[in-house]
Amino acid sequence: MMRISALIPVLSLLIGSLAHAQQTPIAMTGAKVYTVSGPPIEHATVLIVGGRISAVGANLVIPSGARRIDLRGLVVIPGLVEARSALFLSDANMAGAGSPEQDVLDAADLFDRAALKVLARGVTTLYLSPGNRGSVGGLGAVVKLRSPSTGESAVWAETLIPKAALNLTLGLSANGRSTSLERLNSYESLRGLFRGAEQYQKSFARYDTDLLAYEKQQKSLPPTPAAKAPAPSTAPPAPPPVPSAPLLPKPIKPRIVPAQEALVAALKREIPVRIEAARPDDILNALRLADEFKLRLVLESAFESAGLGAEIARHSAAVVWGPMLPDGVPRLETARFSPETVALLARAGVVLALTPGSRSGLASRFLLENAALAVGYGLTPTQALRAITLDAARILGV
């Protein structure tokens, strides 16, 4: 791991700085490359064209005129993916109660000198999380870090997926205490939100049905005859024709409500729902929500899930786990924390992403160290590397 971590700053800054405008192809040769999606490649070449990795292999044809960088004896891994970060966010901007439509990008400053330290540790892609703002956190986003160009001092972030997931919490304690009734009320509160979103969704479906019927009836009506002067006659006027069916009123379109739109996107499975839950009853309640409303579920924290791995895997729910070693003041959610739990989840077939899991944005630079700790507590090196690259990327939808 030391040889990997020593190389990361060089590669991430080199590739990132060339991403803006690269004229000359670059061939990094001789390294052992862990592609993660396949077996490691010995004595491999990584070819970069136009600021992007265009090919990786042991016997690549290197374009003439390419700049060659000898990496013999070193190891290359993919850019790291941080599945839960507070980079570019400040506590002041994230204060107050959350709402489903609140977008984390509205509170993010995507130009930050401190982010250079995160990129220099190999982290290239992050999920910006709105964090714990009550039972509803809001919408997170996936961003990619870009190195500063010549003369610039701040790393900037390109948004890959805005409104990438809806963040919720279940059963988090206030002031270090929580009762079963309070946690049940938290669950019922989220059920009520999704039930209201279902009714909101049905109101638009009814509107579409009523509008179709109204337009169909309008087309079937006979054209209104042009008015003309009545001919002189002593006969009484003919009675007007009786319509075959009562005329339908034109339906009124329901008002668009941004908070409900965010919930509907989750109901339609357009975005996943990320639920932070630590205790077993809260984790099971999150799985019940996913069952009832057919949600794409990602569990965050899930610290007391040691005996629930099979159930989580059966629901095809992923887990964003971290930190490996909780810091700060002890909380109710970490009272039964065990770092071996993450390995138990992996053995049960749960798709995992590792994260430092801190509300400090700079904590994202310790992603590789968290993976090393996970190996120390039972995760295999392959599982740990996947959890900070390929599997984390899949959880984020990239």
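The values are calculated or read from the model by the stated rules, or taken from the named source; none is laboratory data. Just so it is clear, the structure is predicted and the values come from calculations on it, not from any experiment. Positions of Cβ are generated from backbone atoms using ideal geometry, with glycine treated the same way; all protein chains shown enter the neighbour counts. Keep in mind that these areas ignore ligands, DNA and RNA; they rest on the heavy atoms of the full protein, side chains included. Shrake-Rupley method; radii C 1.70, N 1.55, O 1.52, S 1.80 Å.
When you look at GLY122, is it modelled with pLDDT under 90, on the phi > 0 side of the Ramachandran plot and open to solvent by less than 60 Å² (accessible area, probe 1.4 Å), yes or no?
No; evaluated as a whole, the condition is false for this residue.
On inspection, ALA31 fails the criterion of being within 30 Å of GLY192 (Cβ to Cβ) and either aliphatic (A, V, I, L, M) or modelled with pLDDT under 90 (or both).
When MET324 is tested against the conditions (1) open to solvent by 10 Å² or more (accessible area, probe 1.4 Å); (2) touching a strand residue (DSSP E or B) at 6+ places or on another chain (Cβ under 8 Å); (3) of a type in the set (A, V, I, L, M, F, W, C); (4) in a loop (DSSP other than H, G, I, E, B), the lone failure is (1).
The set of residues in the range 329-359 being among the polar types (S, T, N, Q) and part of a helix (DSSP H, G or I) consists of THR334, THR341.
Scanning the range 147-167 for residues that are crowded, with 19+ Cβ neighbours inside 10 Å and at pLDDT below 95 yields SER147, PRO148, VAL155, ALA157. All of (1) assigned to a loop (DSSP other than H, G, I, E, B); (2) at pLDDT 70 or above hold for ILE48 with one exception: (1). Taking the conditions (1) open to solvent by 10 Å² or more (accessible area, probe 1.4 Å); (2) part of a helix (DSSP H, G or I) in turn, SER364 satisfies each one other than (1). Among the residues of the range 55-77, those that are in contact (Cβ under 8 Å) with a residue 12 or more places away in the chain and either in a strand (DSSP E or B) or hydroxyl-bearing (Ser, Thr, Tyr) (or both) comprise VAL56, GLY57, ARG67, ARG68, ILE69, ASP70, VAL75, VAL76. Only one of the numbered conditions (1) open to solvent by 60 Å² or more (accessible area, probe 1.4 Å); (2) under 22 Å from GLU158 (Cβ atoms); (3) hydrophobic (A, V, I, L, M, F, W, C) is violated by ALA393, and that is (1).
Checking each residue in the range 191-222 for being open to solvent by less than 50 Å² (accessible area, probe 1.4 Å) and within 20 Å of LEU295 (Cβ to Cβ) picks out ARG191, GLY192, PHE194, GLY196, ALA197, TYR200, PHE204.
Under 21 Å from the mean Cα position of the chain (by Cα), without any contact (Cβ under 8 Å) to a residue 24 or more places away in the chain and surrounded by fewer than 23 Cβ atoms within 10 Å (Cβ to Cβ): is that true of LYS268 in this structure? First the steps, then the outcome.
On the way: under 21 Å from the mean Cα position of the chain (by Cα): yes; without any contact (Cβ under 8 Å) to a residue 24 or more places away in the chain: yes; surrounded by fewer than 23 Cβ atoms within 10 Å (Cβ to Cβ): yes.
Here the answer is yes, as LYS268 does meet what is asked.
For the range 323-358, name all the residues that are under 20 Å from the mean Cα position of the chain (by Cα), small (Gly, Ala, Ser) and farther than 11 Å from LEU299 by Cα. Within the range 323-358, GLY357, SER358 meet the criteria. Summed over the range 287-309, the residues that are under 22 Å from THR355 (Cα atoms), free of Cβ contacts under 8 Å to residues at least 40 places away in the same chain and not in a loop (DSSP other than H, G, I, E, B) give a count of 3. When each of GLU42, GLU82 is tested for being modelled with pLDDT of 95 or more and in contact with a Ser or Thr (Cβ under 6 Å, 6 or more places away or on another chain), the lone residue that passes is GLU82. Of all the numbered requirements in (1) closer than 24 Å to ALA393 by Cβ; (2) touching a helix residue (DSSP H, G or I) at 6+ places or on another chain (Cβ under 9 Å), GLN102 misses one, and that requirement is (1).
Could you count how many residues in the range 78-119 are aromatic (Phe, Trp, Tyr) and surrounded by 17 or more Cβ atoms within 10 Å (Cβ to Cβ)? First the steps, then the outcome.
Residues of the range 78-119 that are aromatic (Phe, Trp, Tyr), as a first pass: 88, 111.
Next, from what is left, pick out any that are surrounded by 17 or more Cβ atoms within 10 Å (Cβ to Cβ): 88.
Selection size over the range 78-119: 1.
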